[in-house]
Amino acid sequence: MSVPGAWYLALAAVVFAIGAIGLLVRRNVLVMFMCIELMLNAVNLTFVTYARMLDDVGGQALVFFVLVVAAAEVVVGLGIIVSIFRRRSGATADDLSMLKG
Amino acid sequence: MIDWVVFSVAAAAVLAGALGVVFSTNPVHAALMLVMTLFGVAVLFVAQAAHFLAAVQVIVYAGAIVVLFLFVIMLLGIDKAENLRAEPLRGQRPLAFLAGLGVLTAVLMLARGAWVSGAPSQVATLSGPGSNVAKLANALFGRYLLAFEVTSVLLVIAVVGAVVLTGQEPAAEPTEPEAKSTEPGAKLTEPGAVEVTS
Amino acid sequence: MVEAVWLIPALPLAGFLILAIAGRRLGNPRAGWLATAMMVGSFGATLVVLAGLLGYEGEARSVTQTLFTWVPSGALQVEAGFLVDPLSVTMAMFVTGVGALIHLYSIGYMHSDPNYTKFFVYLNLFAFSMLMLVLSSSFLGTFLGWEGVGACSYFLISFWFEKPTAATAGKKAFVVNRVGDFGFMVAMFLIFASLGSLQYVTVAAGAETLSTVTATAIALLLFVGAAGKSAQLPLYVWLPDAMEGPTPVSALIHAATMVTAGVFLMVRINPILALAPDASMIIAVVGALTALFAATIACAQNDIKKVLAYSTISQLGYMFLAVGSGAYAAAIFHMVTHAFFKALMFLGAGSVIHGLHEEQDMTRMGGLRKWMPVTSGTFLVGWLAIAGVPPFSGFWSKDDILANAFELSPLLWGIGLLTALLTAYYMSRQVFLVFFGGERWRSEPARTSKSKATKTKVAAGHHGGRVPHESPWAMTFPLAFLAVLATLGGLLNLPFPGWTVLEHWLEPVFGENLRHLALSSSTKLGLIAAAVAAALAGIGVAWATFGLRGGRVQGLTPPVLARGWYVDDLYRNLVERPGRALSNFSATVVDQKLIDGVVNGLAASVRAGGERLRVVQSGYVRNYALAIAGGTVGVLVFVLVRSGV
């Protein structure tokens, strides 16, 4: 007997929450980025679960696209991080406070 | 029975990895924890008969993206341990916790509606002819062709963006001073003029 | 020929425009000659119109020339045009005639003033406004001229505006006039409401339909306006202060023309007055009281111009007494003769002031008869005229008024007679102090007087020393001319059958509203004798006090009279103090605290709100991420609630 989809969904929700909290709490920029990846994975898991439950391959196709976009996002995001933090090491997200009003 | 075991182990891996990412002080440790999470998710994909995706997950995510992360960590040298005790921003921690909890609760409550829908969770595979890859390919190149093409364009843009973002500015190049020769007897020669020293 | 009437105001208007644009280029003295030429031309046009009007007979002597429809607004249709009838032509004649003489005089009087051209700009503008006032065919046209002369009066009184008293006097004149104008305006509203038109011809024709109450109301409201313009109680306070202006201004505006506008207006509405005997009585009483009141004040003034100012108020009171008695022709007659001798005396006073280098205090004059022969000779003519000594003009006109007043009410006649005595007294006092007696100007040390630029003129040696000199021909010629008119002016309306030229001429304007004397010859003779006796008595008392060798110079000027029965102080306490307090209150409390407080408070609160909200913009990415997370929770909860979980 297979595991009911509900468990998968619950797991995904928990991982998403952990990723969200991690994003908000951590100061290291790269760790924050990894938490974003966590959240994306949780979402992927949800999509696949629903593809199985609703018998629609579109869910898996969407995961495919999410994967591609996540890859592109990581590329560009890391490029930005590199260009900002190139000159100063030991910088954290809190140092980027130039938007202070 | 075996499904439950697989699920438990994989779920444990995922959760442990997630917690590890959030609580590791060293970013390299965090990256490795992330890899563990990704593997766990890949296993869960397989358990749900999404074989192709599981493969792609491991190859792209764990193989490329996490490596990229590690490259950047090493390049920038921001692998210093972060002090997790201190929180400079006031009220960030409790509010973050609340937000996370709120999201979890809301999602769970929203998902509740479909739990009892009685989706065919008995059968693990999708209906229809062909293997999982074939079904996925049919969907991608059939119904979702436009999205597929747009995604390829997106990839090109991402590459261009990365090159532009990280390219060196021409003026920042320090130029080498000219006529550095300090050998005795050697004279500066102007372009076009030939001087013969004996 | 009557069609030339538009030229009469057009020429001064052209003079005004030319001088306003190119006056400075024309310079001194050509600008003055241009202005005078315009006035002379206007006088000529008036003669032409007069000749044309004489061609008509009787009732037909009322020609309206309409230029265009000025106000085509529904029920209110006002034509812009001129009404040529005996009354308006008479007014126009002496306005342009005396005006031209005074323009000529001003060329000499103002020749050393730096703002020479500006003076003539204003004078011509004034002439235009006054002519519009008398020649217009509607109340609204007259009101246009009314306001115009008020504005020019303000400009000209405060001509030397650097002097604070002059500026204040101009403002006072304008504001007090405004009070009167209010009455005029409300009267116009009433006229329109009850008769549907503002044209004189229409109103005169329809006047019989007015109820007594409406007629009384209109008459009294117009009288409020007239009281403001013609300086009657209680709105006379601006006229003495108006003497701050140059003397030609005092002569033209405050003696001969503007102040007569009120009398003219009341005469114009004689059809309405005929229906309102109560209003007429009130007008007569106010006129008589003003005449007496002003005469008492004049007895105690030391400034040569102030005496003449109060004298003007007094004589205007006589004119209103005549109007109130229904003797409109007598009022116009006295207006004309008064214009002659009062303008003469004002110009003479200007000549004296000029000759004595801006001295205006009579106690420092004296014995000018031999130094300024022409001035004193003509001034004496004016004196005899105003005192009511036959056969000069003033005697005939004043007697005409007194006779009509006697028929209306012996009490009012008594007041008029007493005023005549006082008039003779104070005018004689003035003459003796200025032209006779010891030469007090010799021994007086340098003064700190109110006369402007005395020290500078003396220091600059402008007139070569302090001996008085006769004035140039541009100033003495008008004096002589006016003296002739003041002597012969009585011929206009002698009270003998067949000699009442003016009354006969003005007959069509008044119709039956004119009072015709029904006194016996013996009564008339008795009245004449009383008037002459009063005049001689006044002269005699003054001569005994001031004229004899060794007579007094100072004295007989009790403060209550010298300060004008303290009316100005009364107004200051009654009107100015509360007004000023209210203004201060509005400026500090209402404006600064309330309104500024609200506006500034609004800005301050916006800023404070901004400061509070600024906290959100911490600049930290993680805070922003937290906000996004919070928003996400919100959206999810919303979806939850809507999907009915």
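So here's what we get for this one:
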{"item": "Projected label distance in nm at residue A:66 and residue B:110, using a 7 Å step from Cα toward the beta-carbon", "result": "1.2 nm"}
{"item": "Per principal axis, descending, Cα span of region A:28-88 in whole Å", "result": "51, 18, 6"}
{"item": "Greater than 25 Å apart at Cα, pairs in C:163/C:305; C:118/C:305; C:370/C:398; C:342/C:398", "result": "C:370/C:398"}
{"item": "Backbone HN-Hα couplings from phi across region C:63-73 [Karplus 6.51/-1.76/1.60, Hz, Gly and Pro as x]", "result": "10, 10, 10, 9, 8, 6, 7, 7, 10, x, 10"}
{"item": "Residues with amide H under 5 Å from that of residue C:84, placed H, sequence gap 5 or more", "result": "C:63, C:64, C:65"}
{"item": "Whole-number D in µm²/s for region C:528-583 (Stokes-Einstein; Kirkwood sum over Cα pairs; 25 °C, 0.890 mPa s)", "result": "166 µm²/s"}
{"item": "Likely footprinting exposure, C:70, C:146, fewest C-beta neighbours within 10 Å first", "result": "C:70, C:146"}
{"item": "Size of charge dipole - region A:28-88 - debye, nearest 20, with Cβ of Lys, Arg +1 and Asp, Glu -1, no other charges", "result": "480 debye"}
{"item": "Gain upon complete extension [residue C:171, residue C:592; 0.36 nm per residue less C-alpha separation]", "result": "148.9 nm"}
{"item": "Per-residue Cβ neighbour rank within 10 angstrom, fewest leading, C:299, A:35", "result": "C:299, A:35"}
{"item": "Of the trypsin sites (Lys or Arg not before Pro) in chain A, those whose Cβ has at most 13 other Cβ within 10 Å and which sit in DSSP loop", "result": "A:86, A:87, A:88, A:100"}
{"item": "Label point distance in nm, residue C:278-residue B:160, each placed 7 Å from Cα along Cα→Cβ", "result": "9.8 nm"}
{"item": "Charge dipole (debye, nearest 20) of chain C; +1 at Cβ of Lys and Arg, -1 at Cβ of Asp and Glu", "result": "2540 debye"}
{"item": "Stretchable slack from residue C:209 to residue C:111, in nm (0.36 nm times residue separation minus alpha-carbon distance)", "result": "29.7 nm"}
{"item": "Approximate spin-label separation residue C:611-residue C:370, in nm, with each point projected 7 Å along Cα-to-Cβ", "result": "8.7 nm"}
{"item": "Inter-chain Cβ neighbour average for residues B:130-137, partner chain, 10 Å", "result": "2"}
{"item": "The protein assembly as shown, dipole about Cα centre (Lys/Arg Cβ +1, Asp/Glu Cβ -1), debye to the nearest 20", "result": "2300 debye"}
{"item": "Residue mean of other protein chain beta carbons inside 10 Å, C:468-480", "result": "0"}
{"item": "Inter-chain Cβ neighbour average for residues B:6-14, partner chain, 10 Å", "result": "3"}
{"item": "Length added when fully stretched, residue C:469-residue C:178, from 0.36 nm per residue minus Cα-Cα", "result": "100.6 nm"}
{"item": "Gyration tensor verdict on region B:1-62 (Cα atoms; rounded if a/c is under 1.5, prolate if a/b is larger than b/c, oblate otherwise)", "result": "oblate"}
{"item": "Where the Cα pairs of region C:331-452 fall when distances are cut into 5 Å bins, in %", "result": "2, 11, 19, 20, 15, 12, 9, 7, 4, 1, 0"}
{"item": "Neighbour count of at most 11 Cβ within 10 Å plus DSSP loop: longest GluC sites (Glu not before Pro)-free window in chain C", "result": "C:163-645"}
{"item": "At least 30 Å along the helix axis (C-alpha) and Kyte average at least 0.0, DSSP helices within chain C", "result": "C:30-54, C:86-109, C:164-195, C:277-298, C:304-324, C:328-355, C:410-435, C:521-542, C:621-642"}
{"item": "Given charges at Cβ of Lys, Arg, Asp, Glu: region A:28-88 dipole, positive-most of A:84, A:31, A:59", "result": "A:84"}
{"item": "Whether the protein assembly as shown is rounded, prolate or oblate, judged on the alpha carbon gyration tensor where a/c under 1.5 counts as rounded", "result": "prolate"}
{"item": "The protein assembly as shown: calculated mean residue ellipticity at 222 nm from DSSP helix runs of at least 4, using -39500 (n - 2.57)", "result": "-22000 deg cm²/dmol"}
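Any read-out appearing in this document is the output of simple, stated calculations on the displayed coordinates, not a laboratory observation. As the structure is a prediction and not an experimental result, all values here were calculated from the model. Heads up, the Cβs are rebuilt from the backbone with ideal geometry, glycines too, and the neighbour counts pull from every protein chain shown.
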